[in-house]
Amino acid sequence: MPTAGPAARRVGELLREAGYTAPALERLLRPTGDALVDRGELPVYRRRLAAEQGALQALARLFLLGDAVAADEAERALGAAVLSLLELGLAHEADGAIVPDVEIVPHDDVLIASDGRAEGLGAAFVPGVQPPSALLAMLTVRRPVARALDLGTGNGLQAILVSRYAERVVASDVSERALAFAELNAALNGVTNIELRHGSFFEPVAGERFGLAVSNPPYVVSPETAYLYRDSGLGRDRVSEHVIGGLAGLLEDGGFATALVSWIVDADTDTDDAPKRWLESSGCAAWILHTRTDEPLGAAGLWNRPLRGDPDAFDAAVGRWVDYFAAEQVAGIAYGGVVLRRGEPAWVRSTKLPIARTTQAGDHLQRLFAGTDWQLAHDDTSLRVARLRPVAAALVEQVARPHESRWQTSAVDLVHEGGLGFRAGLDGPAAALVTALDGSRTVDEALALVAAAGGNEAGALALVRELVSLGFYVPE
Ligand SMILES: C[S@@+](CC[C@H](N)C(=O)[O-])C[C@H]1O[C@@H](n2cnc3c(N)ncnc32)[C@H](O)[C@@H]1O
């Protein structure tokens, strides 16, 4: 396994000087979908790269496509840096060729080396940047802190991102291989304020406090222990409960934590019951951001996708997982992010997260917490005299259709551009309320316009509270 050091910094510089960035690699490979590399398109990418020369081409062949490059060709393109690649264990030499041992993928402006698709490594396999990793990065409350924690750091992506806001970051993992990748990636990205710690869950940070914490734990409800990144071995949704409780306990007063979690739902219960229960006496305010719910067979198929190349193994795994869900009476599995803030007032709220529209949401999340505090601290009398203004990211979208030769409004939506990407359909009275609240009127004055549009006061006041809680409006 690679160990970091000056050679890793040299390789980081080499990648940057060669322009190994997502936009440049997209220009080179011209992928047709969202992914930088779609494995099914390899023959096309190989032909495209064959027409190119130079360092970027050689690096892309090695670390994106996973192809060997003839040693003399690699030396011509990369010079002495080839030795650093070999020294670091990023590649080895065989039969006159440089053979890659890791994948390196840019995520925004961060370079992440990982085992990529080499899943044959078994439990220790360290994946690259997955969609949940990107989601956790978007749900991190980015604000300056002295100490931050990334629990279950894996390839180190979250720790590297958080290192920009924290003076010191502790990145922990139970996997030595993951920690080696995190160390390598910190060095590749020139980051020096991450301290790596080995151990299970909260053991390596017992008794310590943090201003910011993030965790993308192995939250999958799984009957197996095949992969450390996926299977906690704790059974059911216990890992999510454990991580939420642990993070709540190690935050400083006012500190934020974000964790990705899953929870078991049965057909009869409200889907957010389990995390609400876990948070009951956490001493934290919390937002549960529910992304989706899978039925058991869908979950079994999803989490065993790496086996799709081997139909018999895939079939057997799906069978084992479905049997486990049946034995545990799991009717569905919900997924989402939980964002915590330690201290009073402690309340728990939940909402659906439109994941496809979500972008970096640190500021929006802070507004959710401040807005929820504010509206809970105001009774209806004090709410009525408040003036609220829409935030810059708020947008009212109106769809009009011709009806008997006249334009007729058929839908009005309130949209939060970027951040958590919320969108809500508005009926006539709600649309009247939203457009009346422009910072110049009091809530009371806006209520008169709602009444004229046929709405009732109680409903409008509840909507005002919701709009402030969801970060569409802030008090003047
Ligand atoms: C889903 S991966 C997340 C990796 C990375 N943080 C990200 O966001 O992409 C989960 C990580 O948790 C680690 N892990 C699994 N069990 C653990 C445990 N008991 N204590 C600490 N880390 C653990 C795994 O080794 C893996 O690196």
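The values are calculated or read from the model by the stated rules, or taken from the named source; none is laboratory data. Keep in mind it's a predicted model, so treat the numbers as computed, not measured. Note: ideal-geometry Cβ built from the backbone for every residue, glycine included; neighbour counts use all protein chains shown. Side chains are part of the model used for accessible areas, which takes the heavy atoms of the whole protein and leaves out ligands, DNA and RNA. Shrake-Rupley method; radii C 1.70, N 1.55, O 1.52, S 1.80 Å.
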Flagged in the range 439-457 as open to solvent by 30 Å² or more (accessible area, probe 1.4 Å), in contact with a helix residue (DSSP H, G or I) (Cβ under 9 Å, 6 or more places away or on another chain) and without any contact (Cβ under 8 Å) to a residue 60 or more places away in the chain, in numbering order, are Arg441, Glu445, Ala448, Leu449, Ala451, Ala452, Ala453, Gly454, Asn456, Glu457
Of those in the range 200-236 that are in contact (Cβ under 8 Å) with a residue 40 or more places away in the chain and charged (D, E, K, R), the residue nearest to Arg147 (Cα to Cα) is Arg209
Original post:
Taking the stated definitions as given, is Arg168 away from the ligand (no atom under 12 Å from the Cβ) and open to solvent by 30 Å² or more (accessible area, probe 1.4 Å)?
Top reply: yes
Filter the range 129-145 for residues that are more than 8 Å from the ligand (Cβ to nearest atom) and open to solvent by 10 Å² or more (accessible area, probe 1.4 Å); the one that is farthest from Gly254 (Cα to Cα) is Pro131
Tell me yes or no: at least one residue of the range 178-196 is in contact (Cβ under 8 Å) with a residue 12 or more places away in the chain, within 11 Å of the ligand (Cβ to nearest atom) and open to solvent by 40 Å² or more (accessible area, probe 1.4 Å).
no
Over the range 184-199, the set of residues touching a strand residue (DSSP E or B) at 6+ places or on another chain (Cβ under 9 Å) and over 14 Å from Ala148 (Cα atoms) is Leu184, Asn185, Ala186, Leu188, Asn189, Val191, His198, Gly199
Going through (1) of a type in the set (Gly, Ala, Ser); (2) open to solvent by less than 10 Å² (accessible area, probe 1.4 Å); (3) within 12 Å of the ligand (Cβ to nearest atom) one by one, Ala148 fails only at (3)
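Yes/no matrix, rows are residues, columns are (1) of a type in the set (Lys, Arg); (2) more than 24 Å from Met138 (Cα to Cα):
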| position | (1), (2) |
| --- | --- |
| Trp263 | no, no |
| Asp266 | no, yes |
| Asp273 | no, yes |
| Arg277 | yes, yes |
| Leu307 | no, yes |
| Asp315 | no, yes |
| Trp321 | no, yes |
Quiz item: Out of all the residues in the range 282-296, is one or more in contact with an Asp or Glu (Cβ under 7 Å, 6 or more places away or on another chain), assigned to a loop (DSSP other than H, G, I, E, B), surrounded by 23 or more Cβ atoms within 10 Å (Cβ to Cβ) and of a type in the set (Val, Ile, Thr)?
Solution: no
Checked the range 399-427 for anything closer than 29 Å to Gly337 by Cα and of a type in the set (Val, Ile, Thr); matches are Val412, Val415
Flagged in the range 368-401 as in contact with a Phe, Trp or Tyr (Cβ under 8 Å, 6 or more places away or on another chain), open to solvent by less than 20 Å² (accessible area, probe 1.4 Å) and not in a helix (DSSP H, G or I), in numbering order, are Leu388, Val391
When every residue in the range 197-217 that is within 8 Å of the ligand (Cβ to nearest atom) and under 30 Å from Tyr20 (Cα atoms) is compared, the one nearest to the chain's Cα centre (by Cα) is Asn216
Scanning the range 225-279 residue by residue, the ones that are more than 12 Å from the ligand (Cβ to nearest atom) and either part of a strand (DSSP E or B) or open to solvent by 60 Å² or more (accessible area, probe 1.4 Å) (or both) total 19
Only unsatisfied item for Leu111, checking (1) in a helix (DSSP H, G or I); (2) open to solvent by less than 60 Å² (accessible area, probe 1.4 Å), is (1)
